[in-house]
C-alpha cells in the first residue's frame, strides 16, 4: 500500500499530536507518582553538593547600596500572627518577650529584645528572592546567629538549627500549621546569617516578622523565618513538624533553597 | 571506534561511498513526476549527536513546560536587581474581574494592554471553567498549579540538560564535528552565497547532490546560535536566579543587569528556543520527515543526486 504525500503528512501530524497529548497526560501522571517524584527530587542532593563545593570559601551574598532599596518591600506569607501570646507581646512592644536558645547546647539561655540589641550588630543591604520569582532589596540589622550559637556552646552531635516561629500559615490551630525553618551549621555560621530586629533603619514591623526574623542570605525567601521565638540546636529534623525541616519543606519544597 | 561522518565530501568519501548503497532508481513513474531519481545514502549523524539530540528534545520540552509552571507563580517580568508587586513590570499577565463569571485575561507589555483570555491571564481550568493563571494548562508541567512539583521537574531536568550538553560539546570538539560540520566554510560566508541561501529558503528549495551532504549556511548559523548562544544563555541566566550561585559568581548579576533582568532574559531565551524549534521542525517536514527524522535515529541519510533533477 502506498500513501500519497498528503495523507502521509496528515498521518504524521495527527500521530505527533496524539503522541504529544499522551506525553502530557503521562507527565501529569508522573507528577502524581510519589516514587518518581522522590527520584527526580534526588537532584536536590546534586545541587546542594555542588553549591556547597562552590561556596566552600563562604563568600558573601551581594550587598547593595541604600539607593538600591526597593521602594516598597512586599510583606509575604504571614503578616499578622493570630497567636494570643504573640499578640499580647506585640501590644507591649515585645518588652516582656524573650528569645530562647536551647536544644543541643551546653548553656541554654534566653535574651530580651533589649539584650539582643545591646550585642554587636551587623547591618546588610541584601536581596530577598521569593520562590515565586520576585525579588526585593532591604536593609537588615541584627545579631549574627553564629555568635549566639558559640555563646550557647553547641554539643558535638548538633547538626541543624531550627527556628520555631509564632505564626500559623495554614488554617489548623493544633500546631501542625505552625511555621518553622531550619539551616545546617554551614549556613548557621555564615557571617551574613543574622537574626534581624531592624529593617531599613526602623524596628522590624509586624508584617515583616517582628520582633525577630532570620536572614540566611544565600537562600530563598521561605527560609527567612519571621516571628522567631526559639532557636533550637538539633541532631536530626525528621522528628520535628512534618519531618522535612520546615513549613514549606513539609509541603513539597526543597529543604535546600539555594536555587 | 567512531565512524567518520560523511557530511562533507572529503578524501575519505570515496571509501565511504563504496560501503553505502548508492543506487539509481529507474522505476517507470507517472508522466508528470520526475523521470528518474538518483538516490545515495550517506552517514549523516554520529551516535553521540543522535543520542544527545533526543535526550535534549525531552529535556528542553519538559524544562520549558515546568519553567512556565514556575513563571505562573508570579506571571510578571521586570528589569533590574529587584521587582515585585509594587514595582513596575515589563510584562504582566493578570485577570480583570477575577471571581466573576466572566473574568478577562489581560497581558500588559510595556504599557500596552492586550486581551488574552483563553491564552494568558485567564484560561480553561480542569472542568473548562475559566481559571486565573499566566500560561494555560496545556503549556505547564504539571498542568495544575503546583510550584513545588514544577521546581522539582525543572531542577532535575536542568541537570540532565547540563550533563547531556557537556557530553555533546566535548564530543563535538574531540571528534571534529563542530569544525568539520558546523563551522561555515569561507565560500559559504560570501554575502552572495548567504543571499542565495536565503532565497532558496524562501522558495522552500533544498539542496541536492553534493550540496546536500553538508549543512547549508543558514542551518549552520541557526545551530551555532542555539548550541553556543541560546542554550548557554539559558543555563547562565538560570544560574543567576539562584541566590546560592550568585554568592559564588556575583559577576553574573552585573553581566545580566540584575536578578530580575536575568529572569526576563531567561524567559526571552526560552521563547527564542521555541522559535528555533518551530522553524527546525517545519524544515524537517519540508525537507522530508522520514529521511530527516530517520537520519537522527539511524544516522543514515538519503540524498537525491543531480541525476534525479
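Please treat every number below as a calculation from the coordinates, not as lab data. Not measured: the values here are computed from a predicted model. When we count neighbours, we look across all protein chains shown, and the Cβ atoms used for this are built from the backbone with ideal geometry, even at glycine.
Odds and ends about this structure:
- Average beta carbon contacts from partner chains per residue of A:35-43, 10 Å cutoff: 4
- If the segment from residue A:42 to residue A:184 were pulled out straight at 0.36 nm per residue, it would be longer than the present Cα-Cα gap by 49.3 nm.
- Highest-fluctuation residue, B:250, B:136, B:232 considered, GNM on chain B with Cα pairs under 10 Å: B:250
- Distance from the range A:170-234 to the range A:42-117 (C-alpha centre basis), Å: 3 Å
- Residues in the range A:19-47 reached by a label modelled at residue B:144 [backbone nitrogen below 14 Å; 7 Å Cα→Cβ]: A:28-34
- Chain A: angle of helix A:43-54 to the longest principal axis, Cα-based, in degrees nearest 10: 50 degrees
- Per-residue mean of C-beta atoms belonging to partner chains within 10 Å, peptide B:143-151: 5
- Percentage relative contact order, the range B:76-134, counting C-alpha pairs under 8 Å, at least six apart: 25 percent
- Anisotropy class of the range B:76-134 from Cα gyration tensor, a/c 1.5 cut: prolate
- Between 0 and 90°, nearest 10: helix B:191-202 axis offset from chain B longest Cα axis: 80 degrees
- One way to sum up the overall shape of the range A:216-259 is the equivalent ellipsoid from its Cα gyration tensor, whose semi-axes run 16, 14, 10 Å, largest first.
- Highest-first arrangement of A:19-29, B:286-296, where packing means the average Cβ count within 10 Å: B:286-296, A:19-29
- Fluctuation leader among B:239, B:278, B:161 - chain B, Gaussian network, Cα springs under 10 angstrom: B:278
- Annotation for residue B:194 and residue B:58: the two label points, set 7 Å from Cα along the Cα-Cβ direction, are 3.8 nm apart.
- Cα centroids of the range B:165-243 and the range B:100-125: 37 Å apart.
- Separation in nanometres of the label points that stand 7 Å from Cα toward Cβ, at residue A:32 and residue B:271: 3.4 nm
- Largest GNM mean-square fluctuation among A:205, A:88, A:158, using chain A with Cα springs under 10 Å: A:88.
- Relative contact order of chain A, defined on C-alpha pairs under 8 angstrom at six or more residues apart (%): 20 percent
- The mean number of partner chain beta-carbon atoms within 10 angstrom of a residue's beta-carbon across peptide B:244-257 is 5.
- Rounded to whole Å, the principal axis extents of the Cα atoms in the protein assembly as shown read 99, 56, 45, largest first.
- Seen through its C-alpha gyration tensor, with square-root eigenvalues sorted a ≥ b ≥ c, chain B comes out prolate because a/c lies at 1.5 or above while a/b is bigger than b/c.
- Nearest-ten-degree value, helix A:5-32 long axis tilted from longest Cα axis of chain A: 30 degrees
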